[in-house]
Amino acid sequence: MKTYQITITTENGRLDKVLSEQLADLSRSQVQAAIKAGRVQVNQVPLTKAKYAVQAGDQINLTVPEPAPIEAVPEPMALDIVYEDDQVIVVNKPQGMVVHPAPGHLHGTLVNGLLAHGQLASINGKIRPGIVHRIDKDTSGLLMVAKTDLAQQSLSQQLKAKTNLREYLAIVHGTIAEEQGTIDAPLARDPRNRQRQAVVAGGRRAVTHFKVLERFPGYTLVSCRLETGRTHQIRVHFQYIGHPLAGDPVYGPKKTLSGHGQFLHAAKLGFTHPTSGQWLAFSAPVPTIFATTLAKLRRQAAGEQSLDSK
């Protein structure tokens, strides 16, 4: 068993919400299960009501079973492979798929499918073999994967040197007045919510370049080029400038576009081939829900323009 001890200071709200925000390695559903099982004590009294409102000074103990060891096992699945040779694979990850196994996502990840597909580099460990960079579960688009250790080293060095290309398409809330811009704001774990990232003084430098492609009533379509690749970088940066991503369940507003998560797609990817030295560039169309939503926004914009022109 693993035990957590928390003293409430300025936090407020439901017991399950506060605990899941403070404990980065536990999800809200895991916290709720622990409460239901009687493994949560508040001021040494077992509490089974997740809706209990925490108060300043509360001493909370939570005990959970040690997590089962995580393994990456081959699982045959359909993969959208854009390019492959003896060194690298470029895959178009669908929205909703996790990149590699993690607590709560032990199966059905991209790594599970890639292991069933063939050889992957070994130097990145058994859980993330061949993975050079990641995108969030609900972000779709292109990833480069290393099949050999040589390729892993080369592609990782290109990321570090910022010589590769990673370009995203995103629908954000509001109308961005500028035609283009750069967001240079350091990121770190949010001190008020351990499961989120935030702009924090002293955090790791993060730089996102963006360009406005289209404007719609209440929304803007932008292309984003990553100079750095921090966790949730685009999502946090656009929230920081007041234009959170549409559909983002963590950093965006509740009233938003209908979908299956944030409207963010890794549309373009480029890198130097590890052995040939050739520059390779790839693109992937946005998923159906993204394309359908864009078409709807364009119709709305055309309707407003027709009204304005009368």
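Candidates Asp25, Asp58: the one that is closer than 20 Å to Gly104 by Cα, surrounded by 12 or more Cβ atoms within 10 Å (Cβ to Cβ) and charged (D, E, K, R) is Asp25. Within segment 116-132, if we keep just the residues that are touching a helix residue (DSSP H, G or I) at 6+ places or on another chain (Cβ under 7 Å) and farther than 15 Å from Met97 by Cβ, the residue that is surrounded by the most Cβ atoms within 10 Å (Cβ to Cβ) turns out to be Gly130.
State which residue pairs qualify: first residue not assigned by TED's automatic domain parsing to the domain that holds Ile171 and inside segment 221-241, second residue at pLDDT below 95 in any location, beta carbons under 9 Å apart, and separation of 6 or more residues or different chains. Going by the 9 Å Cβ cut-off, there are no qualifying pairs.
Filtering segment 61-89 to residues that are in contact with a strand residue (DSSP E or B) (Cβ under 8 Å, 6 or more places away or on another chain), loosely packed, with under 13 Cβ neighbours inside 10 Å and either aromatic (Phe, Trp, Tyr) or modelled with pLDDT under 95 (or both) leaves Pro65, Glu66. Selection of segment 26-74 for residues being of a type in the set (D, E, K, R) and under 13 Å from Thr3 (Cα atoms) yields Arg39, Glu66. Against the list (1) within 23 Å of Ala188 (Cβ to Cβ); (2) surrounded by fewer than 15 Cβ atoms within 10 Å (Cβ to Cβ); (3) among the β-branched types (Val, Ile, Thr), the condition Thr48 fails is (1).
Only one entry of Leu159, Leu155 meets the criterion of being surrounded by 17 or more Cβ atoms within 10 Å (Cβ to Cβ), of a type outside the set (Lys, Arg) and farther than 25 Å from Asp248 by Cβ, and that entry is Leu155. What pairs come out if I take residues in segment 157-176 that are closer than 16 Å to Ala146 by Cβ and pair them with residues that are in a helix (DSSP H, G or I) and at pLDDT 95 or above whose C-beta lies under 8 Å away, six or more apart or interchain? Listed pairs, sorted by first residue: Asn164/Leu155; Asn164/Gln158. Listed by first and then second residue, the pairs with beta-carbon distance under 8 Å, at least 6 apart or on different chains, first residue in segment 102-127 and under 23 Å from Gln153 (Cβ atoms), second assigned to a helix (DSSP H, G or I) and small (Gly, Ala, Ser), are Ala121/Ala151.
The values are calculated or read from the model by the stated rules, or taken from the named source; none is laboratory data. Since the structure is predicted, the reported quantities are computational estimates derived from the model, not experimental observations. Positions of Cβ are backbone-derived with ideal geometry, glycine not excepted, and every protein chain shown enters the neighbour counts.
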